[in-house]
Amino acid sequence: MAEWGGLPDNVPPARTGGDTFCSDPALAEAVWREAGAWAMDGCRTLGELCGQPETIELGFAANEHPPVLMAYDRSGRRVDEAQFHPGWHSLLDLAAWHGLMGRPWVEGTKGAHAARAARFILLAQVEAGVTCPIAMTYSCVPALRLEPELAAVWEPLVTSSEYDPRPVPATEKRGALVGMALTERTGGSDLRRCATVASPVGGERYELSGTKWFVSAPASDAFFVLGRAPGGLSCFFVPRMGDDGRLNGFRPERLKEKLGNRSNATAEVVLDRAVGRLVGEEGRGVRAVMAMIGGTRHDCILASAAVLRLGLVEAIHHTRHRQAFGQRLADLGAMTGVLADLALEYEGAVAGALRLSRAVEEAAAGDAEAAAFRRIAAPVLKYWVCKRAPGHAAEALECLGGAGYLETSRLPRAYREAPLMSIWEGSGNVQALDVLRALTHEPGVVDAFLGELHRARGGNRVLDRAASSLTDQLAAGIPDEAQARAFAGLAARTLCASLLVRFAPVAVSDAFCASRLTPRFSGAYGDLPSGLDTAAIVERALPPSAL
């Protein structure tokens, strides 16, 4: 046994310290490729912070001390606000300072969105709960810009590098968070069933009354809200507080008890004549709010990639420090295969996610081909990456055995978080059907997607066959709804494979194609074909000298 006060023999130490960015070659290479050399220093700085024990403890603290709903303050004044642990505020402050909110929309530096995506993945590994308000605040900028008067007031706040949690009017804020209030008990993803009533009160202002069943980050400073106006389902921008400092008819009734995402408050909210401003036109509310949801769907992909990365490195770290059957657990053939397969999943996910980030930026700059690619790649990747994360988290946890099942490990939080990304911003069926909708109704989508795949033509025979299969399927007609998931999954795997063939080491790209683009693909982790260099894949995933 080890000396008193130390770890017992054969018990791996907690993984802390080091640079979580530089120890991640897949992410570092994607940043260099999709953002540029200028972005590396900022990612390194945050990567070093996210690896420190003090930062990791902030994530534990925020999760272990979830928010509470306070109807009144100590003086008896009605406040209706969620109160958070200081760890939560510290992490959001870190996020704002490092540009994870809306700053990429105004930076003007090529690659700003891809750089921000990498930093998002780094921080989400510390505590994923904070990513919800971050994602919504980042994604709200295109929706704000639909109304220039709103954007003039709120865009400087949501693109600020300051986090300002004070419950004061927007005119007094140094930075702001913006959320969404869309879901109602009877509707879910079917937004057309919205029953909230929006009554005109003059100009572009309306009073909204109704109940929103699932409102995340209810402490945000304002919300995009769907309501039924005289002209049909419409989108409104509703500040939580009026210019006079009084609450604006936005009353959280209770906080939801959730499977995971515990550090983040999610509320059932009553709107009692809340005053909001019309965004876009009456009757076109879903179209208006989709300007924001496109971004939050993207961030679900990033958050799932963070789950993949955390599970992967915790599994590698543990098995490198654990002896079994006379050797390191990581060196046993069966375990090496599992670790390599977990690494391949992350390699594909991070390549696809940052390529999508570049398309977001290029589309915003007016590139029609990038907009078409983004339109199809977002639901394709949202479907696949988010769908694969729960099984990945379970397999990573199993690599740690009983140690991974304990709440002192970082993996139980990741395991509970993983299913959420498939649910938020549209479940698997919603994404798969949206893929078919994009292929059917959006000009240029098919050519943009196939064009991206064909950039890797000739680099791998298995990939070439998969790309040809997709091309033939689309030439024969758009798949029907029953085949939507199968098509979306194959499209996602082929897209990720094409990026790895172009940019990743051959050991990685060959293994990804051989394991995921052939009929033998089972979806189970560790079920790899023979003859792959699994040890090289694992060593790349977490270089032995990294931590």
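Looking at Ala181, Ala143, which one is small (Gly, Ala, Ser), outside the structural domain of Ile56 (by TED's automatic domain parsing) and in contact with a helix residue (DSSP H, G or I) (Cβ under 9 Å, 6 or more places away or on another chain)?
Ala143
Output yes when any residue across region 233-248 is closer than 21 Å to Leu420 by Cα and surrounded by 18 or more Cβ atoms within 10 Å (Cβ to Cβ), and no when none is.
No, there is no match, as no residue in region 233-248 is closer than 21 Å to Leu420 by Cα and surrounded by 18 or more Cβ atoms within 10 Å (Cβ to Cβ).
Every residue, every condition in (1) outside the structural domain of Asn63 (by TED's automatic domain parsing); (2) crowded, with 23+ Cβ neighbours inside 10 Å; (3) aliphatic (A, V, I, L, M); (4) assigned to a helix (DSSP H, G or I), yes or no:
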| residue | (1), (2), (3), (4) |
| --- | --- |
| Pro412 | no, no, no, yes |
| Phe449 | yes, yes, no, yes |
| Gly458 | yes, no, no, no |
| Ala491 | yes, yes, yes, yes |
| Cys496 | yes, yes, no, yes |
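Is it the case that Ala82 is in a helix (DSSP H, G or I) and either within 19 Å of Glu127 (Cα to Cα) or aromatic (Phe, Trp, Tyr) (or both)?
When the stated conditions are applied, Ala82 does not pass them.
In region 516-543, what count of residues is obtained for those that are loosely packed, with under 15 Cβ neighbours inside 10 Å and within 28 Å of the chain's Cα centre (by Cα)?
Residues meeting the conditions: 5.
Please specify each residue of region 312-330 satisfying the condition of being under 21 Å from Glu345 (Cβ atoms) and of a type in the set (D, E, K, R).
Selection gives Glu314, Arg320.
Given region 135-254, what strands (runs of 3 or more DSSP E) lie entirely inside it while holding 1 or more residues that are within 27 Å of the chain's Cα centre (by Cα)?
178-181, 205-216, 222-229, 232-239
Give the number of residues within region 124-148 that are in contact with a Ser or Thr (Cβ under 8 Å, 6 or more places away or on another chain) and farther than 16 Å from Leu302 by Cβ.
1
Filter region 29-79 down to residues that are outside any strand (DSSP E or B) and among the β-branched types (Val, Ile, Thr) and give me whichever is surrounded by the fewest Cβ atoms within 10 Å (Cβ to Cβ).
Per the stated criteria, the residue is Thr45.
Here's the yes/no breakdown for (1) within 19 Å of the chain's Cα centre (by Cα); (2) under 26 Å from Leu144 (Cα atoms); (3) buried (at least 24 other Cβ atoms within 10 Å of the Cβ):
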position	(1), (2), (3)
Glu369	no, yes, no
Lys382	yes, yes, yes
Val385	yes, no, yes
Leu400	no, no, no
Gly426	yes, yes, no
Asn429	yes, no, no
Leu433	no, no, no
Leu439	no, no, no
Pro443	no, yes, no
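In region 505-529, which residues are part of a loop (DSSP other than H, G, I, E, B), within 11 Å of Asp341 (Cα to Cα) and in contact with a Leu (Cβ under 9 Å, 6 or more places away or on another chain)?
Once the filter is applied, which keeps residues that are part of a loop (DSSP other than H, G, I, E, B), within 11 Å of Asp341 (Cα to Cα) and in contact with a Leu (Cβ under 9 Å, 6 or more places away or on another chain), region 505-529 yields Tyr525, Gly526, Leu528.
So which residues in region 352-367 are of a type outside the set (A, V, I, L, M, F, W, C) and within 17 Å of the chain's Cα centre (by Cα), if there are any at all?
Within region 352-367, Gly352, Arg355, Ser357, Arg358, Glu361 qualify.
Which of the numbered conditions does Val275 fail, given that it passes all the others? Conditions: (1) buried (at least 23 other Cβ atoms within 10 Å of the Cβ); (2) within 30 Å of His89 (Cα to Cα); (3) at pLDDT 95 or above.
Looking at each condition in turn, Val275 falls short on (1).
For the structure I just gave you, tell me whether Thr20 is out of contact with any strand residue (DSSP E or B) (no Cβ under 7 Å at 6 or more places or on another chain), at pLDDT below 95 and of a type in the set (S, T, N, Q).
Judged against the criteria, Thr20 is not a match.
Taking Gly17, is it in contact with a Lys or Arg (Cβ under 7 Å, 6 or more places away or on another chain), surrounded by fewer than 17 Cβ atoms within 10 Å (Cβ to Cβ) and within 30 Å of Glu347 (Cα to Cα)?
Judged against the criteria, Gly17 is not a match.
Suppose we filter Leu342, Leu308, Leu354 for residues that are touching a Gly at 6+ places or on another chain (Cβ under 9 Å), assigned to a helix (DSSP H, G or I) and crowded, with 24+ Cβ neighbours inside 10 Å; which single one remains?
Leu342 is the lone residue from the list that is touching a Gly at 6+ places or on another chain (Cβ under 9 Å), assigned to a helix (DSSP H, G or I) and crowded, with 24+ Cβ neighbours inside 10 Å.
Can you name the number of the only condition in (1) closer than 23 Å to Gly59 by Cα; (2) at pLDDT 95 or above that Val153 fails?
Result: Val153 passes all but (1).
For region 63-102, what are the residues that are acidic (Asp, Glu) and either more than 19 Å from Arg413 (Cα to Cα) or not assigned by TED's automatic domain parsing to the domain that holds His298 (or both)?
Asp73, Asp80, Glu81, Asp93
Select from region 249-267 the residues that are surrounded by fewer than 22 Cβ atoms within 10 Å (Cβ to Cβ) and within 17 Å of Tyr72 (Cα to Cα) and list them in ascending order.
Gly249, Arg251, Glu253, Arg254, Leu255
The values are calculated or read from the model by the stated rules, or taken from the named source; none is laboratory data. Keep in mind that what you see is a predicted model, and the values were worked out from it rather than measured. When we count neighbours, we look across all protein chains shown, and the Cβ atoms used for this are built from the backbone with ideal geometry, even at glycine.
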